[in-house]
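The structure appears below as structure tokens.
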Amino acid sequence: MSLALDPTAQDLLFREARTANTFTDEPVTDEQVRAIYDLAKYGPTAFNQSPLRITLVRSPEARERLVRHMAEGNRPKTATAPLVAILAADNEFHEKLPHLFPHFPQAKDAFFSERPVRESAAAVNAALQAAYFIVGVRAAGLAAGPMTGFDFEGVRKEFLDDDHTPLMVVNIGRPGPDAWRPRGPRLEFEQVVTTV
Ligand SMILES: Cc1cc2nc3c(=O)[nH]c(=O)nc-3n(C[C@H](O)[C@H](O)[C@H](O)COP(=O)(O)O)c2cc1C
């Protein structure tokens, strides 16, 4: 009764959504990815800096190059998922701030002229956007398999450049057979929340 969201949608986005480890062959289309992004883009970031950048790894040749950088246990699912996305943080996001934060265009120079400041802001805010993206995948009726088990420097060199830092690789598709282990426990409210 405390939630405004329809219970079916609650299940789809959270309660029944799982991290898939196997997938069916059903393709994930560019239209689906666009619809996912067009939802996820509205999630908030500091100064609306929106530093998430997404590389869709579609060609078999690119997929092979990515799989080589994945941890052993992540290789089979990354090789077979219908779609794989590399999520990265753009450390030069400040260039777009005058457009993204028009009511205070000076933010670009006032707060983000130094690269280390940008790197830490980009890491936090792109991670937030990665979470919105995962929930967006679920909203499309698909399952996401996010992974940080890979060679970050290898993936950066292979697919990105010095201005982009990889955050995670996400397998996307419909869950296949034996897609997950039993649901792991979560921490209870009392273990997590304190009131002062
Ligand atoms: C940022 C992130 C990194 C993860 N990295 C890996 C990984 O490298 N390999 C893997 O098999 N699972 C990985 N996982 C999956 C988690 O173990 C899984 O999401 C978590 O146990 C919850 O599972 P559930 O959604 O089925 O309840 C990762 C998940 C997240 C969000």
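Worth a mention:
- In straight-distance terms, cross-link reach from Lys108 covers every one of the lysines whose alpha-carbon lies under 26 Å from its own, apart from those fewer than eight places away in the same chain; here that gives Lys41, Lys96.
- Computed from the Kirkwood radius of its Cα pairs, the Stokes-Einstein diffusion coefficient for the chain at 25 °C and 0.890 mPa s stands at 135 µm²/s.
- Net +/- balance of residues flanking Ala144 in space, Cβ distance below 11 Å, scoring K and R +1, D and E -1: +2
- Helix-only CD estimate at 222 nm, as mean residue ellipticity for the chain, using -39500 (n - 2.57) per DSSP H run (n ≥ 4): -10500 deg cm²/dmol
- Here's the picture: a label point sits 7 Å out from the Cα of Ala35 along the beta-carbon direction, and within region 158-196 the residues with their amide nitrogen under 18 Å of it are 172-175.
- Counted over region 1-79 with a bin width of 5 Å, the fraction of Cα pairs per bin, in whole percents, is 3, 10, 13, 18, 20, 17, 12, 5, 2, 1.
- Percentage relative contact order, the chain, counting C-alpha pairs under 8 Å, at least six apart: 35
- Those residues of region 1-33 whose amide nitrogen sits under 15 Å from the label point placed on Trp180, 7 Å along Cα→Cβ: 9-24
- Remark: the chain carries 58 Å² of accessible area per residue (probe radius 1.4 Å; ligands, DNA and RNA excluded).
- If you sort His103, His69 by accessible surface, 1.4 Å probe, largest first, the order is His103, His69.
- Label-point separation in nm, Arg115 to Leu187, each point 7 Å along Cα→Cβ: 3.5
- Inter-part distance where region 15-40 and region 83-100 are each reduced to a Cα centre, Å: 21
The values are calculated or read from the model by the stated rules, or taken from the named source; none is laboratory data. Keep in mind that what you see is a predicted model, and the values were worked out from it rather than measured. FYI the Cβ positions are ideal-geometry reconstructions off the backbone, even for glycines, and counts take in every protein chain you see. All accessible areas refer to the heavy atoms of the entire protein, side chains included, with ligands and DNA or RNA removed. Shrake-Rupley method; radii C 1.70, N 1.55, O 1.52, S 1.80 Å.
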